[in-house]
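The values are calculated or read from the model by the stated rules, or taken from the named source; none is laboratory data. All of these numbers come straight from a predicted model, not from anything done at the bench. Glycine gets a Cβ as well: all are built from the backbone with ideal geometry, and neighbour counts include every protein chain shown. Accessible surface areas use protein heavy atoms only, side chains included; no ligands, DNA or RNA. Shrake-Rupley method; radii C 1.70, N 1.55, O 1.52, S 1.80 Å.
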Amino acid sequence: MVGTNSFFIIKENNVAGRSQAYEDAGVSIDAGNALVERLKGLAATVQTRGVISEIGGFGGLFRPDLGGMKEPLLVASTDGVGTKLKLAFAANRHGTVGIDLVAMSVNDILVQGATPLFFLDYFACGRLDVDTCATVVGGVAEGCRQAGCALLGGETAEMPDMYAPGEYDLAGFCVGLVDNARLVDGSGIQAGDAIVGIAASGVHSNGYSLVRKILDKSGLSLEEPMPGYPDKSVADVLLAPTVIYVEAVRPLLRDMAIKGMAHITGGGFYDNIPRILPAQVKARIKFQSWPVPPVFTWLREQGNLSWPEMLQIFNCGIGYTIILPQAQAEEAINRIKAFNLGAWQIGTVETRHRDGQGAWGEQIAIDL
């Protein structure tokens with residue numbers, strides 16, 4: 001394997017026969033070196049004040065600004081893009097999956113009130129295509145711009161025979177910072193609080209094994225018009241990048257009493273919202289208090305799924321939720337809309353009760 005530690009290809013010593021032997025084994029050092037020069041430029045576009053190292057070292061260096069923090073906490077998350085990549089391969093569209101990659105991690109640490117500091121990615125392939133990799137990392141850089149964090153480095157691994165021709169895998173992680181006093185952990189959530197939902201751009205990056213199965217069964221090609229979207233193809237809709245919520249949510253964290261947040265990813269509503277709720281309360285969601293995008297109706301009908309099943313698997317149009325006092329809900333919604341994102345009050349928090357044997361009831365109820 002030849003890797004780029006912080007986008008830097010380790011070159012073979014110029015000993016006769018060694019580099020050619022590696023080329024013969026399926027690893028192109030020249031392609032790796034060409035890629036490095038392109039990735040350096042991409043990383044430079046998303047450097048922030050804390051970055052104190054240049055691309056090319058063994059590790060990226062970052063000096064966080066701890067001013068005004070009494071008890072700073074680091075928050076980290078890692079994720080991938082999953083089988084959504086299969087659609088990117090089939091459509092030969094690689095420009096937005098990097099945004100998905102960044103979104104999956106930065107949205108997760110945002111849930112706890114953290115400001116993203118930096119991101120690192122991992123791109124693995126069987127044979128390095130410089131243009132494809134640079135396009136993917138260009139999407140990563142765009143995701144970092146949207147999140148306001150630095151692209152501190154990464155790793156590019158060329159591993160012959162590990163991946164099918166033309167395919168690759170992506171993973172990455174983000175590190176953020178929050179003062180312990182401003183940590184959002186859901187502990188203050190109480191009955192009567194409002195649940196505000198923020199719009200998703202589409203399916204985001206979860207449930208694509210099922211999406212691909214449904215698409216295959218439907219017989220639609222990626223370039224045909226998507227039902228419900230007169231001006232968009234199937235590929236346009238299913239490869240729409242995940243929304244990064246940092247820009248819209250951070251001002252609310254500064255000015256409002258945000259008690260809890262949830263990123264609606266794998267597991268949909270039923271698995272993600274209860275993760276932030278104290279034991280004594282439950283969430284009651286009013287389904288269709290927001291406009292459900294047509295892609296989810298199409299998936300439900302083509303997949304012969306019920307709405308409860310859909311809400312267990314997909315975001316169904318809500319990519320992120322915020323729990324705050326009812327008195328602040330309308331203001332929060334209006335401020336989110338100023339960032340060109342849809343926002344609605346989609347539910348409330350209620351008291352959770354025990355049954356006759358002392359067991360808790362369900363922690364989320366969705367009124368269909």
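Quick rundown of the values:
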{"quantity": "Value of relative contact order over the chain, rounded to a whole percent, pairs C-alpha under 8 Å and six or more apart", "calculated": "20"}
{"quantity": "Long-range Cα-Cα pairs in the stretch 39-182 (distance over 26 Å), rounded percent", "calculated": "25"}
{"quantity": "Where E301, E158 fall by accessible area, highest first, once all protein chains stay in place (1.4 Å)", "calculated": "E301, E158"}
{"quantity": "Estimated vicinal HN-Hα couplings, Hz - the stretch 116-125 in sequence order (Karplus 6.51, -1.76, 1.60; Gly, Pro = x)", "calculated": "x, 9, 8, 9, 10, 10, 9, 10, 10, 8"}
{"quantity": "Which listed pairs, of K86/K213; K282/K337; K213/K286, have C-alpha distances above 20 Å, in listed order", "calculated": "K282/K337; K213/K286"}
{"quantity": "Helix-derived mean residue ellipticity, 222 nm - over the chain, DSSP H n ≥ 4, -39500 (n - 2.57), to 500", "calculated": "-9500 deg cm²/dmol"}
{"quantity": "Range of Cα positions in the stretch 149-235 per principal axis (Å), largest first", "calculated": "50, 40, 23"}
{"quantity": "Under Karplus coefficients 6.51, -1.76 and 1.60, residue-wise ³J(HN,Hα) of the stretch 69-81 in Hz, glycine/proline x", "calculated": "9, 8, 9, x, 10, 8, 10, 10, 8, 9, 6, x, 9"}
{"quantity": "Rounded to the nearest 10 Å², the accessible area of F62 at probe 1.4 Å", "calculated": "50"}
{"quantity": "Within the accessible area of the chain (1.4 Å probe), percent carbon and sulfur", "calculated": "49"}
{"quantity": "Neighbourhood charge, 14 Å Cβ-Cβ cut-off, centred on K337 and excluding it, Lys, Arg +1 and Asp, Glu -1", "calculated": "-2"}
{"quantity": "Correct choice for semi-axes √(5λ) of the Cα gyration tensor in Å that was computed from the model, options (i) 53, 24, 18; (ii) 39, 27, 17; (iii) 43, 23, 17", "calculated": "(ii)"}
{"quantity": "Cβ-defined net charge surrounding T83, 14 Å radius [Lys, Arg +1; Asp, Glu -1]", "calculated": "-1"}
{"quantity": "Packing-based ranking, highest mean first, of 141-153, 247-259, 186-198, 167-179 given that Cβ atoms within 10 Å are counted", "calculated": "141-153, 167-179, 186-198, 247-259"}
{"quantity": "Per residue solvent-accessible surface (Å²) - the chain, probe of 1.4 Å", "calculated": "44"}
{"quantity": "Helix 130-147 vs. the chain, principal-axis angle (Cα, 0 to 90°, nearest 10)", "calculated": "40"}
{"quantity": "Convex hull of Cα atoms in the stretch 243-345, direction-averaged projection (nm²)", "calculated": "6.9"}
{"quantity": "Distant-in-sequence amide H partners of F62 (H built 1.01 Å from N, under 5 Å)", "calculated": "I52"}
{"quantity": "Computed accessible area, W344, all protein chains, 1.4 angstrom probe, square angstrom", "calculated": "60"}
{"quantity": "The stretch 135-248 - charge dipole about Cα centre, Lys and Arg +1 at Cβ, Asp and Glu -1, debye rounded to 20", "calculated": "300"}
{"quantity": "Cross-link reach list, lysines versus K70, counting only Cα pairs under 24 Å and skipping chain neighbours closer than eight places", "calculated": "K259"}
